[in-house]
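The next block holds one structure in the form of structure tokens; read it before the comments.
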Amino acid sequence: MLETSKKIRKAIFPVGGLGTRFLPATKSIPKEMLPVLDKPLVQYAVDEALEAGIEEFIFVTGRGKSAIEDYFDHSIELEKTLKDNNKLQKLDLIKKTILKPGSVSFVRQQNPLGLGHAVWCARNFIANEPAAIILADDLIDSKPGCMKQMIENWNGGNMVATMEVEPEKTSSYGIISPGKVIQDKIEVKNIIEKPNTKDAPSNIAVVGRYIVEPSVFDHLGLQKKGTNGEVQLTDSLSYQIGKAPFFGYNFHGTRYDCGTKLGFAKANTSLAIKDSNIGNQFKNWITKLNKN
Ligand code: UTP
């Protein structure tokens, strides 16, 4: 029997990965601090959580990730300089990155053993509540934000954001075996991490937004290694099937895989085109570029 508070107040942001696909940049900059236009990826993730009503923010960090902690803190010298130079708009902008005192926690994942392990590292902060999980390197451009859409459609149990991918791309994703469909929700009958196209039960892929019941931590605690030798979150979600409701949610919006060069370039291009300051100039430039 599930015992769960209906409100989702807490979100986990796993930011402990090595980001090897973005080397050499990620040698000294956390992947989640890479900017899409002028905002780091992690800020998009936090903005999405705030819009969804999240009150507590738990970051799972690792070595070399201290820039993330600094980003969410005051920058006394910079604030003073902006104030002295009467750059009040800029001052306001950086003050908005500061979350309510006491609402942000950082927990260290000493070794990047996989997403499931990172989530498990946050267990003591989550205790006995359902929690949202947001992967900052999956930037989802949507109104309302993807997590708000999910929470509005969540009724207890586990939920993952889903989208259709090209069949030859299944080996890059967790793939669900779909059951009954209720509007944008799809019952998850099974979930497999990174199957080859021929073994994939569908082309419906999981992207980096989850809502999990606290019981998921029990299985994560076993720290079983799955695909690629990593502790996989999808394996623990799969173990919960039959014990708790489990749905995929077909979000409305566009997802950019900013953990890859192609996705990151697409996100920057797409958001630049939409930008109220530079959008028109950028579109003109792209049009000329295409003609050459
Ligand atoms: P990725 O699968 O993109 O792995 O993680 P990665 O290590 O960051 O990047 P590559 O594959 O080496 O290029 C997805 C999300 O899960 C977090 C990452 O920080 C990223 O936000 N993660 C992954 C952890 O927090 N810990 C891990 O052990 C693995």
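Straight Cα distances below 15 angstrom link Lys65 to the aspartates and glutamates Glu32, Asp73, Asp137, with same-chain residues fewer than 8 positions distant left out.
Which of the aspartates and glutamates could be linked to Lys274 by a straight reach, that is with a Cα gap under 15 Å, when you skip same-chain ones fewer than 8 residues away? List returned: Asp38, Asp141. Spread over its residues, the convex hull of the C-alpha atoms of segment 159-198 is 73 Å³ per residue.
Ordered from longest to shortest, the equivalent ellipsoid semi-axes for segment 84-134 are 33, 14, 9 Å, each the square root of 5 times a Cα gyration tensor eigenvalue. Among Phe251, Phe59, the ranking by other beta carbons within 10 Å of each residue's beta carbon, starting with the fewest, stands as Phe251, Phe59. When Thr81, Thr287 are arranged by Cβ crowding within 10 Å, least crowded first, meaning fewest neighbours, the order is Thr287, Thr81.
What residue among Ile58, Ile211, Ile29 has the largest mean-square fluctuation in a Gaussian network model of the chain, using Cα springs under 10 Å? Its mean-square fluctuation being the largest, the pick is Ile29.
The Rg/Rh ratio for segment 51-94, using Cα coordinates for both the radius of gyration and the Kirkwood hydrodynamic radius, is 1.11. Computed from the Cα positions only, the extents of segment 57-158 along the three principal axes stand at 51, 35, 24 Å, in decreasing order.
Largest first and in whole Å, the equivalent-ellipsoid semi-axes of segment 196-292 read 39, 16, 13, each the square root of five times a Cα gyration tensor eigenvalue.
For segment 1-100, the Kirkwood radius over C-alpha pairs fed into Stokes-Einstein at 10 °C and 1.306 mPa s yields D = 103 µm² per second. Scalar couplings 3J(HN,Hα) for segment 43-54, obtained by applying the Karplus form with A = 6.51, B = -1.76, C = 1.60 to θ = phi - 60°, are 6, 4, 5, 5, 4, 5, 5, 4, 4, 7, x, 5 Hz; x denotes Gly and Pro.
Estimated purely from DSSP H runs of n ≥ 4, each contributing -39500 (n - 2.57), the mean residue ellipticity at 222 nm for the chain is -8500 deg cm²/dmol once divided by its residues. Ordering His74, His117, His219 by the number of other Cβ atoms within 10 Å of each residue's own Cβ, fewest first, gives His74, His219, His117. DSSP beta bridges in segment 165-292, what fraction antiparallel, as a percent rounded to 5? Counting only bridges with both partners in segment 165-292, antiparallel ones make up about 95 percent. Annotation: lysines with alpha-carbon distance below 26 angstrom to Lys7 (same-chain offsets under eight excluded): Lys96, Lys100, Lys143, Lys148, Lys180, Lys185, Lys189, Lys243.
Calculated over segment 132-275, the projected area of the Cα convex hull averaged across directions stands at 8.9 nm².
Computed from the Kirkwood radius of its Cα pairs, the Stokes-Einstein diffusion coefficient for segment 119-198 at 37 °C and 0.692 mPa s stands at 223 µm²/s. Note that the chain carries a Kirkwood radius of 20.0 Å, evaluated over its alpha carbons pair by pair.
Computed from the coordinates by the stated procedures, all read-outs in this text should not be read as laboratory data. Computed from a prediction, not measured in an experiment: that's the story for all the values here. Note that we place each Cβ from the backbone using ideal geometry, even for glycine, and neighbour counts take in every protein chain shown.
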